[in-house]
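Since the structure comes first, as C-alpha cells, the remarks are kept for the end.
The values are calculated or read from the model by the stated rules, or taken from the named source; none is laboratory data. Every value quoted in this text rests on a predicted model; they were computed, and no experiment measured them. Glycine also receives a Cβ, built like all others from the backbone with ideal geometry; neighbour counts cover every protein chain displayed. Only protein heavy atoms, including side chains, enter the accessible area calculation; ligands, DNA and RNA are left aside. Shrake-Rupley method; radii C 1.70, N 1.55, O 1.52, S 1.80 Å.
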Amino acid sequence: MATQNSRSAARLMMAPAVVLFLGWMLIPLSMTLFFSFKKFLPLRGDSLENGLEWVGFANYTRFVGSSSFWPSVTATLTIVAGVLVITVILGILLAILLDQPMWGQGVVRIMVIAPFFVMPTVSALVWKNLFMDSVNGFFAHVWRGFGAMPVEWLSQASMPSLIVIISWQWLPFATLILLTAMQSLDSEQLEAAEMDGAPVLSRFFFIMLPHLGRAITIVILIQTIFLLSIFAEIFVTTGGAFGTKTLTYLIFQRVLESQNVGLGSAGGVYAIILANIVAIFLMRIVGKNLDA
Amino acid sequence: MGRIVLNKVTKKFGDVEVIPPLDLTIEDGEFTVFVGPSGCGKSTLLRLIAGLEDVSSGQIQIDDTDATPLPPAKRGLAMVFQSYALYPHMSVRKNIAFPLRMAKLDKDEITKRVEAAASVLNLTDYLDRKPGQLSGGQRQRVAIGRAIVREPSAFLFDEPLSNLDAALRVGMRLEIGELHKRLATTMIYVTHDQVEAMTMADKIVVLQAGVIEQVGSPLELYKTPKNTFVAGFIGSPKMNLLTGSEAQKHNAHTIGIRPEHLKIVSAGEGWRGTVGVSEHLGSDTFIHVKCEAFPDPITVRATGEVDIRYGTEIHVAPDLTHLHRFDDRGLRLG
Ligand SMILES: Nc1ncnc2c1ncn2[C@@H]1O[C@H](COP(=O)(O)OP(=O)(O)OP(=O)(O)O)[C@@H](O)[C@H]1O
Ligand SMILES: [Mg+2]
C-alpha cells in the first residue's frame, strides 16, 4: 500500500498543516519563554522597540518566591480533583439513570446536557446572584426558611462553592460520554451476571464499572486539560479572593493587574510544567485503560 | 433434580400476546429442544423459565416448588447465551469462577472446581487469557464452563451454536451431547435448526407463533407428525406435501410423502414428470421433479450416485405404507 512514492506525496500534502500547527503552538510558546527571561513592565516604559533587559531566571525565582505561588498550585489541584470526583461519580449515576427506559427520555436527556451550552461566565453569574447571594439568593431563602443564618457562600465556603459551580458546568460532558459507553454495554452480560447470582451492587462493580473504565479515563483526561485553565468562573465569582486563586488566575493578575509581563510569562512556563506533571501522573494511573 | 413444569404460562409484550397459554412438562435429566421458525417465541419461553422475563400469567414450577416469583439467581438454573455474554475484562479463569465467587465459596474450593471444569472442556491452557483472545469455539466452551461450575439443576441454551462454522457446530453438538450424558442434568436447548433438534434431543417441542404444535421424541415427530406444519418442519429435505386430486384419491386434503419414500419407477407407473435440479451429496442424490399432477416440484431421494440429466422424463411412485394424510385443517388423519 504505502509505497515510497505515496508516502512522500503524503508528507508533502501534510506539510502545510504541520507547519501551521507548529507555528500555532511554537510562536506563543517561544514568546512566553522569551518574555520570561526579560524585565518587561509596559507601564514603566519597557517596550520591544527599546529592547528589553535580560534578567536571567529572576522572574522564575520571584514567581515561586511569592507567597501566593504554592497556595495557587494547591488551589488549582483542589479544584481539578474536586470537580473530577464529583463529575465522575454523579456522571456515572446519571448515566445509569438515563439509560433506564422511562417516559420523556429524549427531553430529560436534552435537559441534562443543557448546562454545557451555557457560557461559563453566564453560569457563574447565575450561581453567584441567583443561588449563592447571601441576601436574595435561593439558598439564602431556604436557610432563612429553616430559621438559619444565610451562608456567605462565596466567602465563607469559597472553594466548595466554586467546585460546585464548575462541576455543574462539566457534569453534562461526563454524563454524555458515560451514557454512550453505558449504552454499548451488552445487556446479555448483565443478564448472565444476574443468572450467575450477582446482586445489583456486584453487577455494578464487576460488570458496569469495568465496562465504563475507558470512558471514565477519557472523561478524566479531557476534563483535567480544561480544568487546569479554569478562569472565567473565578473571575466572575470571587475574583481570586478567599483562597480561590489558581495558577492561571495568578498569572492573569501578574500580567494585567501588576502589568508585569515577564513575571507572568515565567508563571506561564510553570503552568505548562504543572500541566505536564499532572498529565504524566494521570497517564500512569489511568492511561493503561486506554490500550487493548 | 431438575423437573420443570409450565402451567398455563402466557407472555404479553404490551398488547401483543407472544405466548398464548402454554402447558409443558420437562422431566428431570431430559434433553429437551425447543425448535421453530424465527420469531416463534423460543427465546422468550426460555427467558421466562430463566426468570429474565416475568410471565404475564400462569405458573412455573421447578422441582415441585413455585418458581414464578423467584428472581433468576434463586432458580438454580444456568444459561448459555447466543452471544456467549462472557465478561470481556476478566480472564477465562475469572469468568468461570464468577458464579462461585458470587456464591461466596472459599478460594480453594473455587480453584478446584474451575480447574475441574476447565479440564472437562479442554480449556486448561487458556485459563489466563481474556475472552477476546479466544476462538469462537473456545468462547463457547468458556460459556458452558461458567454454567457447569455452579452445578445447576438445569441448563438453558439459547442457540449456542449459531455463531460457529458448520464443522465446529457438529463438533460442539457432540460435546454438548456428551456433557449431557455425563452430567445427566436437565437441559433445555433452543434452536431453529431441525438437524440440531433431531440429533440432540430426547424430546422435541415444536413451536409456531408461541403455540406448541407437537411434543415428542425425534422419531415420533418424524414418523407421525401431528399436522402439516410439523411434517414440513421436521426432516431434511422437507416432506413433500401434495394437495389436489392425488390427495383426494387417499381421502385426504393433503398427503405428505418424504423424499426417501419416493421411488424411481419405469415408464407407465407412478407420476410422470421431468427432472429439475439434482443435488449430489455423494451418499445420496436429491432430485427435484416437476410433476404434471402438482404445481410445486417434489423432491425425491435416490441412494448413491445416480446418472440423471436435467430435463429428462422420469416416473416416480410413493411407498404407500409411509404415506401421511392430513385433513383440510392440516391435522393428521388416521
Ligand atoms: N422485549 C420485547 N418487546 C416486544 N416484543 C418482543 C420482545 N422480545 C421479543 N418480542 C417479540 O416476541 C416474538 C418472539 O421473539 P423471540 O425472541 O422469542 O423469538 P425466537 O423464537 O427466539 O426467534 P429467533 O429464532 O429469531 O431467535 C417476536 O415476534 C418478537 O418480535
Ligand atoms: Mg431467539
Note to self: C-alpha centroids of the range B:244-308 and the range A:238-292 sit apart, in Å, by 86 Å
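Show A:S36, B:S57, A:S68 ordered by accessible area, largest first, where the area counts protein heavy atoms only and the probe is 1.4 Å.
On the way: A:S36 0, B:S57 50, A:S68 30 Å².
Sorted descending by solvent-accessible area, the residues read B:S57, A:S68, A:S36.
How big is the charge dipole of chain A about its Cα centre, in debye rounded to the nearest 20, if each Lys and Arg gets +1 on its Cβ and each Asp and Glu gets -1 on its Cβ?
780 debye
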Measuring with a 1.4 Å probe in the full set of protein chains, what accessible area per residue, in whole Å², belongs to the range B:251-326?
54 Å²
Summing -39500 (n - 2.57) over every DSSP H run of at least 4 residues in chain A and dividing by its residue count gives a helix-only mean residue ellipticity at 222 nm, to the nearest 500 deg cm²/dmol, of -21500 deg cm²/dmol
Would you please report the Å³ per residue occupied by the convex hull of the alpha carbon atoms in chain B?
163 Å³
Occluded residues from the range B:72-101, i.e. those whose accessible area drops by 50 Å² or more once the chain is not alone (1.4 Å probe)
B:F81, B:Y87, B:H89, B:F98
Entries of B:K74/B:K226; B:K11/B:K223; B:K12/B:K203 with Cα pairs more than 29 Å apart
B:K74/B:K226; B:K11/B:K223
In debye, nearest 20, what is the charge dipole magnitude of the range B:2-121 about its Cα centre with +1 on Lys and Arg Cβ and -1 on Asp and Glu Cβ, if you could check?
540 debye
Okay, which of the range A:163-187 sit inside 17 Å, backbone N to the point 7 Å along the Cα-Cβ direction of A:I113?
A:169-184
Along the Cα-to-Cβ line of B:L331, 7 Å from the Cα, sits a label point; which residues in the range B:236-251 have backbone N less than 19 Å from it?
B:251
Any aspartates and glutamates with Cα under 19 Å of the B:K263 Cα? List them, leaving off those in the same chain fewer than 8 positions away.
B:E246, B:E279, B:D284, B:E292, B:D296, B:E305, B:D307, B:E313, B:D319
Overall Cα dimensions of the protein assembly as shown - principal axes, largest extent first, Å
122, 74, 50
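Using only the alpha carbons of chain A, what is the convex hull's orientation-averaged projected area in square nanometres? Before the final figure, lay out the partial values.
Working: hull surface 96.1 nm².
Averaged projected hull area, Cα only: 24.0 nm².
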Note the direction-averaged projected area, equal to a quarter of the hull surface, for the Cα convex hull of the range A:1-159, in nm².
20.5 nm²
When the distances between all Cα atoms of the range B:251-326 are binned every 10 Å from zero, what whole-number percent does each bin get?
20, 54, 24, 3
Distance between the range B:98-159 and the range A:84-163 - C-alpha centres, whole angstrom
47 Å
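For chains B and A, what's the summed buried accessible area, probe 1.4 Å, to the nearest 100 square angstrom?
Buried area between the two chains comes out at roughly 1600 Å².
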Report, for the range B:4-230, the % of DSSP beta bridges that are antiparallel, rounded to 5.
50 percent
How much area per residue is accessible in chain A when the probe is 1.4 Å and only protein heavy atoms are counted (Å²)?
56 Å²
Explain nothing, just the number: dipole magnitude of the protein assembly as shown about its Cα centre with +1 on each Lys and Arg Cβ and -1 on each Asp and Glu Cβ, in debye rounded to the nearest 20.
1840 debye
For the protein assembly as shown, build the charge dipole from Cβ charges (+1 Lys, Arg; -1 Asp, Glu) around the Cα centre, then report which of A:G106, A:T3, B:H315 sits farthest towards its positive end.
A:T3
Considering only protein heavy atoms and a 1.4 Å probe, what is the carbon-and-sulfur percentage of the accessible area of the range B:226-294?
50 percent
Label the range A:217-256 by shape, choosing from rounded, prolate and oblate, from the square roots a ≥ b ≥ c of the eigenvalues of the Cα gyration tensor; if a/c is under 1.5 it is rounded, and otherwise prolate applies when a/b is larger than b/c, oblate when it is not.
prolate
Computed helical MRE - 222 nm, chain B, DSSP H runs ≥ 4 contributing -39500 (n - 2.57), nearest 500
-8000 deg cm²/dmol
Once the Cα gyration tensor of the range A:118-198 is diagonalised, semi-axes √(5λ) in Å
40, 18, 10
Probe 1.4 Å, all protein chains in place: accessible area of B:V215 in Å², nearest 10?
50 Å²
